[in-house]
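Presented below is the structure to which this report refers.
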């Protein structure tokens, strides 16, 4: 627990940060790239708003270009990169931690990492999140990771104004070559506060309709029943059951040859009435008075019914129905109030 929760809590080392800024921006970038272009497209740094930078990810040079365009020399703030756990290993990880980066598990983000990211946003730091989730060298269409949007929405509970700034990064060649060119283009800022005031009132009527429909479906599905008399047995299915493939059937007692069983994938058994004509009809196993039903079957067919049982106890279905009804009532009260 200690290693998982404390690995991300690293402040930027001021000495290492100054050296890294000088080496990367004044030496490496200036020497390696022949030409650089930054397209601001009317972009101005948002005032009184927390900032999340959302750049494309084309190479490992992206971080250096981003700190040059939106780092301390330009915005008076450091870029705090959210990176994958694999990038925080070894010597590289040692440097990245002390330059303000922190790791997150993309498949299962820890609460400590999310809290740390939200804390950075709340304090007005510049958080950097790559929406593509990995290096996408040739700009192929990818399904963007949902983490950026979810993180921004979570952070709106801590701060009133958040702005996502999309940034496109491109190189003259991939991977970037010596004395090549790069271009960094700012997109239109996306203010999250514009989306955080969505009113739940708009969902009231559709939700009530859906809840009522759900209650009707529950009641209808549990309305199948069996009729018996001295000559025959009949199964009557509800409208929804018919829609789902269950059909009404009727068998004369004298036509029933035997009751055969088949195992289910859950380890229980289902049973079928097998007729002399070779037809099979599913034995209802969710009847309220199932034991009485079995006695009627045995008395009219002479078949041993001692091994036949419920698929599961009937009270479980009643309990599920009751819980579903209570949930629907609770949701209705929540929306109406």
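The values are calculated or read from the model by the stated rules, or taken from the named source; none is laboratory data. These numbers come from a predicted model, not from an experiment. We place every Cβ from the backbone using ideal geometry, glycine too, and count neighbours over all the protein chains shown.
Can you confirm whether region 237-247 contains a residue that is touching a strand residue (DSSP E or B) at 6+ places or on another chain (Cβ under 9 Å), surrounded by 13 or more Cβ atoms within 10 Å (Cβ to Cβ) and either within 24 Å of residue 306 (Cα to Cα) or touching a residue at least 60 places away in the same chain (Cβ under 8 Å) (or both)? Within region 237-247 (the criterion being touching a strand residue (DSSP E or B) at 6+ places or on another chain (Cβ under 9 Å), surrounded by 13 or more Cβ atoms within 10 Å (Cβ to Cβ) and either within 24 Å of residue 306 (Cα to Cα) or touching a residue at least 60 places away in the same chain (Cβ under 8 Å) (or both)), the answer is no, since none of the residues qualifies. When residue 53 is tested against (1) in contact with a strand residue (DSSP E or B) (Cβ under 7 Å, 6 or more places away or on another chain); (2) assigned to a helix (DSSP H, G or I); (3) at pLDDT 90 or above, only condition (2) is not met. Which residue out of 102, 130 is under 22 Å from the mean Cα position of the chain (by Cα), crowded, with 19+ Cβ neighbours inside 10 Å and touching a residue at least 40 places away in the same chain (Cβ under 8 Å)? After applying the criteria, what remains is 130.
Name the residues in region 284-302 that are under 19 Å from residue 249 (Cβ atoms) and either modelled with pLDDT under 85 or touching a helix residue (DSSP H, G or I) at 6+ places or on another chain (Cβ under 7 Å) (or both), would you?
Within region 284-302, 284, 285, 286, 287, 290, 300, 301 qualify.
Number of residues in region 12-28 that are over 18 Å from residue 61 (Cα atoms), in contact with a helix residue (DSSP H, G or I) (Cβ under 6 Å, 6 or more places away or on another chain) and part of a helix (DSSP H, G or I): the value is 1.
Residues in region 71-105 that are at pLDDT 85 or above and part of a loop (DSSP other than H, G, I, E, B) were compared, and the one that is nearest to residue 115 (Cα to Cα) is 101. Here is the figure for region 197-213: residues that are surrounded by 15 or more Cβ atoms within 10 Å (Cβ to Cβ) and either more than 28 Å from residue 237 (Cβ to Cβ) or at pLDDT 75 or above (or both) total 2. Note on region 173-187: residues that are touching a strand residue (DSSP E or B) at 6+ places or on another chain (Cβ under 9 Å), in a loop (DSSP other than H, G, I, E, B) and in contact (Cβ under 8 Å) with a residue 60 or more places away in the chain total 4. Which residue pairs have Cβ atoms closer than 8 Å, lie 6 or more positions apart in sequence or on different chains, and pair a first residue in region 282-298 that is more than 11 Å from residue 225 (Cβ to Cβ) with a second residue that is at pLDDT below 80 and part of a loop (DSSP other than H, G, I, E, B)? Between residues of region 282-298 that are more than 11 Å from residue 225 (Cβ to Cβ) and residues that are at pLDDT below 80 and part of a loop (DSSP other than H, G, I, E, B), the close pairs are 285/309; 285/310; 285/311; 290/310.
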